[in-house]
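**Q** Below you'll find the structure I mean.
The values are calculated or read from the model by the stated rules, or taken from the named source; none is laboratory data. Model, not experiment: these values are computed from the prediction. FYI the Cβ positions are ideal-geometry reconstructions off the backbone, even for glycines, and counts take in every protein chain you see.
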Amino acid sequence: MLAEIDQQIQTLIREVGERTKAAMQADFTIDEKTSPHDLVTTVDKQNEQIINQRLREIDPTAQIISEEGFGDQVHDIHGHVWIVDPVDGTMNFIMERENFAIMLALYIDGQPTLGYILDVMKGLLYHGGPALGVWENDHQLSRPLNRGLRDGLIDVSSRILMNDLHHAQTAAKAARSIRVFGSAGISMTQLITGRTGAYITNLKPWDLAPGRVLAEAQGLVVKRIDEQPIDMLSSNFVLVATPKAAKDIMELIN
């Protein structure tokens with residue numbers, strides 16, 4: 001069953017990716033949500049409607065959590081729950097025209113099961129889960145090297161770094177160097193391919209869900225900074241890292 005769903009979702013997300021690239025050549029509307037730094041476009045909304053409609057055909061009894069309000073009112077994550085980010089990194093989508101992603105994840109009875117991150121402009125689809133392995137297009141990824149903090153790159157979201165939340169600057173200074181990508185999906189692809197070794201950020205469910213599936217399947221640590229259980233129905237201040245880097249960071253910031 002999972003393999004069949006997986007193939008259908010891969011087809012769906014690639015179709016939406018092609019539609020997104022076509023939409024970039026036309027005019028689209030940009031609106032503020034909560035601030036000038038929190039934007040939404042008609043492409044986000046249209047993508048979400050298309051994805052959610054297809055998910056209801058593929059997995060009719062599932063609940064859907066999605067960013068732009070076209071999903072369900074979900075109060076628990078029992079059964080099949082799909083979590084959708086129709087354009088992750090909307091600011092990058094608008095300003096850079098690259099470094100943004102389309103993301104989906106399936107959780108079954110609260111367990112991370114399938115994850116999908118499509119780097120739209122590079123045409124790279126990262127997909128899989130604990131039962132299927134983790135893939136970049138048709139190439140199965142090996143697990144990242146278990147580097148410590150000082151031997152690898154750290155990715156910290158810009159707001160957290162600038163405001164030194166949870167002593168993030170201390171961790172950043174201890175790493176070999178710092179990266180900021182502006183998209184949780186792109187950041188997660190850097191982790192699961194071993195290009196970076198740690199990521200400190202604050203993520204909503206649709207930002208975290210797909211990357212968590214793939215990161216955990218790759219042997220990476222995904223945990224809240226305060227070491228409370230991850231809540232997939234709310235925001236989480238998280239650390240995603242190799243086991244060695246996670247240990248180094250927690251010792252530095254706590």
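**Q** Checking G129 against (1) of a type in the set (G, A, S); (2) touching a Ser or Thr at 6+ places or on another chain (Cβ under 9 Å); (3) surrounded by fewer than 18 Cβ atoms within 10 Å (Cβ to Cβ), which test does it fail?
**A** Of (1) of a type in the set (G, A, S); (2) touching a Ser or Thr at 6+ places or on another chain (Cβ under 9 Å); (3) surrounded by fewer than 18 Cβ atoms within 10 Å (Cβ to Cβ), only one is false for G129: (3).
**Q** Next question, about the same structure. Could you give me the residue pairs with C-beta distances under 8 Å whose first residue belongs to region 210-226 and is in the same structural domain as S183 (by TED's automatic domain parsing), whose second residue is acidic (D, E) and modelled with pLDDT of 95 or more wherever it lies, and which are 6+ apart or on separate chains?
**A** So the pair list comes out as P210/D85; V222/E216.
**Q** Let me ask something else about it. Considering only region 34-53, how many residues are under 20 Å from the mean Cα position of the chain (by Cα) and either free of Cβ contacts under 8 Å to residues at least 24 places away in the same chain or part of a helix (DSSP H, G or I) (or both)?
**A** 11
**Q** Can you spot a residue in region 55-75 that is at pLDDT 95 or above and more than 27 Å from D231 (Cβ to Cβ)?
**A** Yes, region 55-75 has at least one match.
**Q** Can you tell me which residue in region 185-209 is nearest to M103 (Cα to Cα), limited to those that are touching a residue at least 60 places away in the same chain (Cβ under 8 Å) and out of contact with any Pro (no Cβ under 9 Å at 6 or more places or on another chain)?
**A** Looking at the filtered set, the residue picked out is D207.
**Q** Same structure, new question: Looking at R195, is it closer than 19 Å to S142 by Cβ, assigned by TED's automatic domain parsing to the domain that holds L153 and under 17 Å from the mean Cα position of the chain (by Cα)?
**A** When the stated conditions are applied, R195 passes them.
**Q** Cβ-Cβ distance below 6 Å, separation of 6 or more or different chains: which pairs start in region 11-24 with a residue that is on the phi < 0 side of the Ramachandran plot and end on one that is charged (D, E, K, R)?
**A** L12/R54
**Q** Please indicate, with yes or no, whether at least one residue in region 73-84 is outside the structural domain of D207 (by TED's automatic domain parsing), part of a strand (DSSP E or B) and of a type in the set (D, E).
**A** no
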